[in-house]
Amino acid sequence: MHIALQTASQSGDEVPVGAVLVSATGEVLATAHNLREAKSDPTSHAEIEVIRKAASDLSDWRLENTTLFVTLEPCVMCAGAIVAARIPRVVFGAWDERVGAAGSIYDVLRDSRLGKPVEVIPGVLEEECSALLKSFFEAKRS
C-alpha cells in the first residue's frame, strides 16, 4: 500500500490516486496513477492504467492471482474493469463517499451477479490516503 501512496504523490495536477498490481508471490507487476488531465481521457483512472499496463506486459487480460492496491475506493467504471480483468482482491485506503463502488455507495466488486465476487479489504492506511486527497483538494480551492 505504501507504493500506491508514493505513486499517488507523483501525480502532479492529477487527483492523487495511485494503484499497484501485485502477483500472488508479491512481485509488483505494474504501478500507475491518474492520468485524466495528462491524456485528456476520462477513463485514465489509476486502476484502469495499472490494468492496461499489467495486461500488456503479461500479454494476458486475465489478471487472476493478483491483488490491486489503490489509495481510493474504486468508482463504478474501475470496479467494472477490475471484475472484467478477474482481479480477485482489492485493497484500498480511503473510502469514496461520492462515487465509491466497493461498498460505500455501490458494491459492484462483491455483486455475485457479475461473476465471482472480489475480496475487498478497505481502510488500509486510510488516514494517510485520506490526508493526501484532502490536502490536494484544499490546495486546489485556495
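The values are calculated or read from the model by the stated rules, or taken from the named source; none is laboratory data. Just so it is clear, the model here is predicted, and its values are computed rather than measured. In this analysis, Cβ positions are derived from the backbone assuming ideal geometry, glycine residues included, and neighbour counts consider all displayed protein chains. Surface accessibility is based on the protein's heavy atoms, side chains included, excluding ligands, DNA and RNA. Shrake-Rupley method; radii C 1.70, N 1.55, O 1.52, S 1.80 Å.
I'd like to know if the stretch 17-37 contains one or more residues that are more than 10 Å from the chain's Cα centre (by Cα), over 25 Å from residue 110 (Cβ atoms), among the charged types (D, E, K, R) and not in a loop (DSSP other than H, G, I, E, B). Yes, the conditions are met somewhere in the stretch 17-37. Say whether the condition of being surrounded by 22 or more Cβ atoms within 10 Å (Cβ to Cβ), of a type outside the set (Asp, Glu) and farther than 21 Å from residue 140 by Cα is met by at least one residue in the stretch 37-45. Within the stretch 37-45 (the criterion being surrounded by 22 or more Cβ atoms within 10 Å (Cβ to Cβ), of a type outside the set (Asp, Glu) and farther than 21 Å from residue 140 by Cα), the answer is no, since none of the residues qualifies. Of everything in the stretch 128-142 that is charged (D, E, K, R) and free of Cβ contacts under 8 Å to residues at least 24 places away in the same chain, the residue that is farthest from residue 3 (Cα to Cα) is 141.
From the list 139, 131, the one residue that fits, being over 23 Å from residue 26 (Cβ atoms), modelled with pLDDT under 95, open to solvent by 40 Å² or more (accessible area, probe 1.4 Å) and aliphatic (A, V, I, L, M), is 139.
Before we move on, is residue 28 under 21 Å from residue 125 (Cβ atoms), open to solvent by 10 Å² or more (accessible area, probe 1.4 Å) and not polar (S, T, N, Q)? In short, yes.
Entry remark, the stretch 83-126: residues being farther than 21 Å from residue 3 by Cβ and assigned to a strand (DSSP E or B) number 1 in total.
Scanning the stretch 1-25 for residues that are among the small types (Gly, Ala, Ser), buried (at least 19 other Cβ atoms within 10 Å of the Cβ) and closer than 19 Å to residue 90 by Cβ gives 4, 8, 18, 19.
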